[in-house]
C-alpha cells in the first residue's frame, strides 16, 4: 500500500509538471511575448529616475522608451539586420552543415557501433556512457542510435536491457554538457553568453571553447557516477521488472565489410586533417597565430573553430558516404546538407524572435537595470559567490523541467544573469559553466523533453508495462546524483583555479 501511495504521489507530481509545461507557449511565441512586454515596460519606466550608475557611461541608468515613433521606425528598419547579425545563428548553421553530413552518411553511426562492439564486458557500462557523451557531437545521434543500442548490447550480454537504456540516456541527456569533443553546443551557448555580456560591456569577446576544459573533466565525472549508479543502484532495482518484450529487439546490425573499410578510410582522413592543422599551427610564424600566439582572440585559429568543426566532419563524412555506398553523386551530399538545415528550421524561427527579444532587452536598458539592481541586492545579502553560482544551477535545473531547449533557456536567462554576475566580479565563462550543469541534470526526468516519450518506447520493446513513471523513477537517481555531485565538482574545480577553457577566466573586472 505504501508503494502504491508513493507511486500515485509521483504520478501526481509528473502530471502537474506536464500540465504546467503544456500551458507555456512555444518558445518562439514566448520570445515574441517577452519582446512586447519589454516594449510596455520600457514605456512605463522611461520617465523614472534611477540611482544605479551605468558602468559604461558613469551616469545614472536611463530606460529607453521603445514605443515612441522613432524607436518603432528604427525597429522596423533593422529587423533583418538584427536577425542576420544574431551571433549564434551563423555559428550553429555552419557547424551543422559538416556534422549533418557525417551523421546522415552513416559515418558517426559506424563509429559508435565500432566503439561499442570491441568493448570488454566488464567495461560495458562506462564505454556505453562514454559513447553516449561522444554522441553529443551529432545533435540527435545519441537519442536515435546510442540509447536503443544500449538496450540491445546489455540484453545481448545477459544484463537487463532497461539498465543499458538508462545508462545511455544518462550519458546522452543527463550528462549533456559533459564532453571532451567540441561540438555545436559550445559556440551556440557562447554566442548567447557573449551577446548578454555585451549589455554592459560592448565589444567583449568570449572563446567558443571557454568551457572546454571543464566539460572535458566533467565527462570523467559523469562516466564514473553513471557507471556506479547503473551497476550498483539502477540495475539491481530492475531485477523485479520482467523482460517480456520482442526478442528480435536484441539483434544488433553488424557493419558490412564495405562499411568497415569506409569507416577506416574516413577516420584516417579525419586524423590527417587534424595532423595537417597541427602542422600548420605549430610554427611560431604560422599564419594561424597572432603575434606568435595561438590563444589570442585575434588569432585566425581561434576565429576559425566553427569552420574547422565544419571541415573536420564534412570531409570524412563525404569519404565514408562514397566508399560505403551512401552517396553516389555530389547531389546526395548536398541533399544531406539540406536535410540538416531542414532539421534546424525550428531553431531558425526561434532565433528570429530571440534576436528581436535580446535586441529589445538591450536597447531598452532594462537588462542593464535588472543586472545592476540584482547585483546590488546580492551584494546587500553578502552571499558568497559560490552560493550565487549554486543558485543559478538550481534555477536552471528547475526551468529545464518546463523548457527543454538549451538555447531557448539560455537566451532567456543569460541577458539577466550574465551581466548581473559580472557586476559581482564573476566572469561570463563561469556563469555559463554553472548554467550548463543545471541545463543537463534534469533532462532525464521531465516528460516535456522531446525525446522522453521515444525513450519510453525503447523501454517498452523489452518491458511492455514501461510507462512515464517507470522511466522517471529509473532516471531519478542519476538526476539527483548528477545535480549534487556535479555542482560540488564545479565548486571544487573553481576552488583549485583550474582553467575552465580557452581564454576563460573566473573573475570579471569592470571596464
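The values are calculated or read from the model by the stated rules, or taken from the named source; none is laboratory data. Everything numeric here is computed off the predicted structure, so don't read it as measured data. Quick reminder, even Gly has a Cβ in these numbers, built from the backbone with ideal geometry, and neighbours come from all protein chains shown.
The rows are residues; the columns are (1) in contact with a strand residue (DSSP E or B) (Cβ under 6 Å, 6 or more places away or on another chain); (2) buried (at least 24 other Cβ atoms within 10 Å of the Cβ); (3) farther than 20 Å from residue 489 by Cα; (4) modelled with pLDDT under 90.
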residue: 180; (1), (2), (3), (4): no, no, no, yes
residue: 183; (1), (2), (3), (4): no, no, yes, yes
residue: 203; (1), (2), (3), (4): no, no, yes, yes
residue: 208; (1), (2), (3), (4): no, yes, yes, yes
residue: 213; (1), (2), (3), (4): no, no, no, no
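Which helices (runs of 4 or more DSSP H) sit wholly inside segment 63-111 and have at least 1 residues that are buried (at least 21 other Cβ atoms within 10 Å of the Cβ) and modelled with pLDDT under 85?
87-104
Taking the condition of being within 20 Å of residue 236 (Cα to Cα), modelled with pLDDT of 85 or more and in a loop (DSSP other than H, G, I, E, B), how many residues in segment 464-511 meet it?
Number satisfying all stated conditions: 0.
For residue 44, work out the one condition from (1) assigned to a loop (DSSP other than H, G, I, E, B); (2) more than 29 Å from the chain's Cα centre (by Cα) it doesn't fulfil.
(1)
So, in segment 274-294, exactly how many residues are within 14 Å of residue 305 (Cβ to Cβ) and not in a loop (DSSP other than H, G, I, E, B)?
The total comes to 3.
Please enumerate the residues belonging to segment 201-223 that are touching a helix residue (DSSP H, G or I) at 6+ places or on another chain (Cβ under 8 Å), outside any loop (DSSP other than H, G, I, E, B) and within 15 Å of residue 486 (Cα to Cα).
Hits for segment 201-223 are 214, 215, 217, 218, 219, 221, 222, 223.
Every residue in segment 113-129 that is over 20 Å from the mean Cα position of the chain (by Cα) and in a helix (DSSP H, G or I), please.
Answer for segment 113-129, where residues must be over 20 Å from the mean Cα position of the chain (by Cα) and in a helix (DSSP H, G or I): 113, 114, 115, 116, 117, 121, 122, 123, 124, 125, 126, 127.
Residue 238: touching a residue at least 12 places away in the same chain (Cβ under 8 Å) and either in a loop (DSSP other than H, G, I, E, B) or touching a strand residue (DSSP E or B) at 6+ places or on another chain (Cβ under 8 Å) (or both), yes or no?
So residue 238 does not fit the description; no.
Quick check on segment 130-167: of everything there that is farther than 17 Å from residue 455 by Cβ and not in a helix (DSSP H, G or I), which residue is modelled with the highest pLDDT?
Filtering segment 130-167 for residues that are farther than 17 Å from residue 455 by Cβ and not in a helix (DSSP H, G or I), the one modelled with the highest pLDDT comes out as 159.
Anything in segment 291-313 that is farther than 14 Å from residue 91 by Cα and at pLDDT 85 or above? List them, or say none.
Matches in segment 291-313: 300, 312, 313.
Just to be sure, is residue 449 buried (at least 20 other Cβ atoms within 10 Å of the Cβ), out of contact with any strand residue (DSSP E or B) (no Cβ under 9 Å at 6 or more places or on another chain) and farther than 16 Å from residue 143 by Cα?
no
When the residues of segment 440-463 are narrowed to those that are at pLDDT 75 or above and not in a helix (DSSP H, G or I), which ends up nearest to residue 144 (Cα to Cα)?
451
Which of the residues that make up segment 413-439 are over 13 Å from residue 392 (Cα atoms) and either under 16 Å from the mean Cα position of the chain (by Cα) or free of Cβ contacts under 8 Å to residues at least 12 places away in the same chain (or both)?
Within segment 413-439, 429 is the sole residue that qualifies.
Whether any residue in segment 287-304 is closer than 28 Å to residue 111 by Cα and crowded, with 21+ Cβ neighbours inside 10 Å is what I want to check.
There is at least one residue in segment 287-304 that is closer than 28 Å to residue 111 by Cα and crowded, with 21+ Cβ neighbours inside 10 Å.
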